[in-house]
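Just below is one structure, and these are the notes that go with it.
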Ligand SMILES: [Mg+2]
Ligand SMILES: [Mg+2]
Ligand SMILES: [Mg+2]
Ligand SMILES: [Mg+2]
Ligand SMILES: [Mg+2]
Ligand SMILES: [Mg+2]
């Protein structure tokens, strides 16, 4: 989820003040977590460690997931001002999602032996942290439920929110398991890369927490929490989540590095990307052999050969067609929705449609 | 928590049938978790992976924590038979505690680079697992809340139970952080080993989940869930937890290997054990120097020198005195309790008093 490429000045201003409010809530939540440690008589060093760990891992991303909760709440209040207290509550749930993401990423970087994250060394790579990061990641997870308990204990949706976060957490962990076991360690076996496998990983590992969770939080906070509405929202959000990840995979290969902010390495890293999955489903025996011989190699000549096959199969056009179809399909689904303002979904879709980063 | 050294035949029989019932509930809970994956359309391989992961890590311990919930419930029903349904519910909570322990141990073994656990290789040491164990551990944690949701959703104490498990989880993670940061990596610095530090680590890392949690579950299930009663129970349980861990440390050095089932290595492993903490607090400058020169070394001659200092300081007698005082202090606390049958605590205390393993 990124901003539109050319946001209108008005929209940009709104997001800037929304972002300021969002950051102010972060400061509050972090201060409360540190103060909690005082009530457990924890030593200064422990309080400092946790404060630094939270600062290092929670607020440094693009914050789109977290900001979406308040956007959804605003869309739910057509023609009415949203009470300040409701925006603050939305920001709190937004931060729960950012905390959840931090929990996943700290652990994921350990499992993937990654080096950098958000332009700084991965948390576990700091010499004074190391594998303590495993415990730190689950401390971040525990903070979510402390935030919910402190700020939503008397809210009518308290149990619904707790169950939502637990459920999405479990689904994401199952998605991570699917991802981790989709390839044997250090074995390159492209036969395992099928579109079904790909879609299942994306749905569980990414779409639930990135798209469904912020929308569901906004709906629940607005009092639209019945199962039927949430189910419809889930279907649309999972569809968008898949589209978003496919864009991500395409940008990794074809995006402008100066725009996306990194040089993609999915081919070298043996990633189960939409591009390789789609290529394999369309390739001739000869092209398949080229893919198998050159995928997952760090040699630039091998990467170039993979990209030649992608070009010969005209994957850019396949993607453009997929993108148009997705937009039409998602829009159609949104149009069938009654009782939830369409802006909840169309704003989200507008933010990702044809994104370049 | 182990059985008494010489259990009466009647008591032993009761525990055997209690254990059978407990194991039957495990089979049910595991089957439900696997069936859940069906409802998410997960592939056979994923279901098998999770079933094996649960079997490998959850039920293989001594199960004392888990069995304690039903024992507490039985103690709460003085002179009345406990309804079968209540025992089953108690076993479910007992398994939540065993699942929690599995979650901690799988992650702890990764962080400690341990080799074996419960007589088999640590889960992460299996070649097909490796660092996937980090994700597996948090899947085990998620199962706890799935069990609570499935079986306690309509129970009046549903929210209390969820909050209890979340709170104890967080406290244990903070205890793990205290433990991990009590020593710099690969640095031996005995000056950091103080009795205050030791007690804080034990309280948070061990006592809450091992002693307070099973008792609190039993009390809540019996309808005694007000804060004042739980607070009194907490004080007694944390006191017992500290005593239990100190016994553990003493048995590591002085226990009979054929009885405790392993050869202790706390001295070699630079553990912040009650023995070294106590020795440091009583040692002469000369004895301190011997400890500093020989602690945390894998050379048997060094281990022997440390044990000589322990002997010179007569730590066995110091422990015996501590044990008598603890027993008296805990018993006195129990005697002040009204409205909770004393057997809840005295049974637990009897199980650990003067234990040899
Ligand atoms: Mg990764
Ligand atoms: Mg990963
Ligand atoms: Mg990518
Ligand atoms: Mg360990
Ligand atoms: Mg450890
Ligand atoms: Mg020990």
* Asked: Looking at (1) surrounded by fewer than 19 Cβ atoms within 10 Å (Cβ to Cβ); (2) closer than 28 Å to residue B:156 by Cα; (3) within 14 Å of another protein chain (Cβ to nearest Cβ), can you tell me which one residue B:223 breaks?
  -> (3)
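Does the range B:79-98 include one or more residues that are within 14 Å of chain A (Cβ to nearest Cβ), more than 16 Å from ligand 2 (Cβ to nearest atom) and surrounded by 21 or more Cβ atoms within 10 Å (Cβ to Cβ)?
Yes, the range B:79-98 has at least one match.
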* **Within the range A:309-323, considering residues that are part of a helix (DSSP H, G or I) and without any contact (Cβ under 8 Å) to a residue 12 or more places away in the chain, the one surrounded by the most Cβ atoms within 10 Å (Cβ to Cβ)** => A:320
* With respect to residue A:196, is the statement that it is within 19 Å of the chain's Cα centre (by Cα), within 11 Å of chain B (Cβ to nearest Cβ) and without any contact (Cβ under 8 Å) to a residue 24 or more places away in the chain true? -> no
* How do the pairs read when you match residues in the range A:108-126 that are more than 23 Å from residue B:128 (Cα to Cα) with residues anywhere that are near ligand 1 (Cβ under 9 Å from one of its atoms), using Cβ under 6 Å and keeping only pairs 6 or more apart or on different chains? -> A:117/A:109; A:122/A:109; A:122/A:114
* Asked: Restricted to the range B:162-193, and to residues that are in a loop (DSSP other than H, G, I, E, B), more than 7 Å from every other protein chain (Cβ to nearest Cβ) and without any contact (Cβ under 8 Å) to a residue 60 or more places away in the chain, which residue is surrounded by the fewest Cβ atoms within 10 Å (Cβ to Cβ)?
  -> B:186
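May I ask you to list the residues in the range B:288-308 that are in a helix (DSSP H, G or I) and under 21 Å from residue B:196 (Cα atoms)?
Selection gives B:288, B:291, B:292.
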* Assess whether residue B:40 counts as being within 10 Å of another protein chain (Cβ to nearest Cβ) and either within 16 Å of ligand 1 (Cβ to nearest atom) or touching a strand residue (DSSP E or B) at 6+ places or on another chain (Cβ under 8 Å) (or both). => no
* Answer yes if at least one residue in the range A:141-155 is away from ligand 4 (no atom under 16 Å from the Cβ) and within 17 Å of residue B:110 (Cα to Cα), and no otherwise. => no
* Going through the range B:234-272 one residue at a time, which ones are assigned to a loop (DSSP other than H, G, I, E, B) and either within 16 Å of ligand 2 (Cβ to nearest atom) or over 14 Å from residue B:303 (Cα atoms) (or both)? -> B:255, B:256, B:261, B:262, B:272
* Return the only residue of B:114, B:75, B:137 being away from ligand 6 (no atom under 16 Å from the Cβ) and more than 11 Å from chain A (Cβ to nearest Cβ). => B:75
* Asked: Taking interchain pairs and intrachain pairs at least six residues apart, which have beta carbon atoms under 6 angstrom, with the first residue in the range B:259-271 and under 17 Å from residue B:292 (Cα atoms) and the second away from ligand 4 (no atom under 14 Å from the Cβ)?
  -> B:267/B:303; B:267/B:306; B:268/B:298; B:270/B:188; B:270/B:296
* To do: Could you run through the range A:143-161 and say how many residues are facing chain B (nearest Cβ under 8 Å) and surrounded by fewer than 22 Cβ atoms within 10 Å (Cβ to Cβ)?
  => 4
* Just give me the residues in the range A:117-134 being closer than 26 Å to residue A:67 by Cβ and at the interface with another protein chain (Cβ under 10 Å from one of its Cβ atoms), in sequence order. => none
* To do: Exactly one condition in (1) within 16 Å of ligand 5 (Cβ to nearest atom); (2) not in a helix (DSSP H, G or I) is not met by residue A:127; state its number.
  => (1)
* Of the residues B:190, B:140, which is modelled with pLDDT under 95 and farther than 24 Å from residue A:36 by Cβ? -> B:190
* Asked: residue A:304: modelled with pLDDT of 95 or more, farther than 20 Å from residue A:187 by Cβ and exposed (fewer than 15 other Cβ atoms within 10 Å of the Cβ), yes or no?
  -> yes
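The values are calculated or read from the model by the stated rules, or taken from the named source; none is laboratory data. Just so it is clear, the model here is predicted, and its values are computed rather than measured. With ideal geometry, Cβ positions are generated from the backbone for all residues, glycine too; neighbour counts draw on all protein chains shown.
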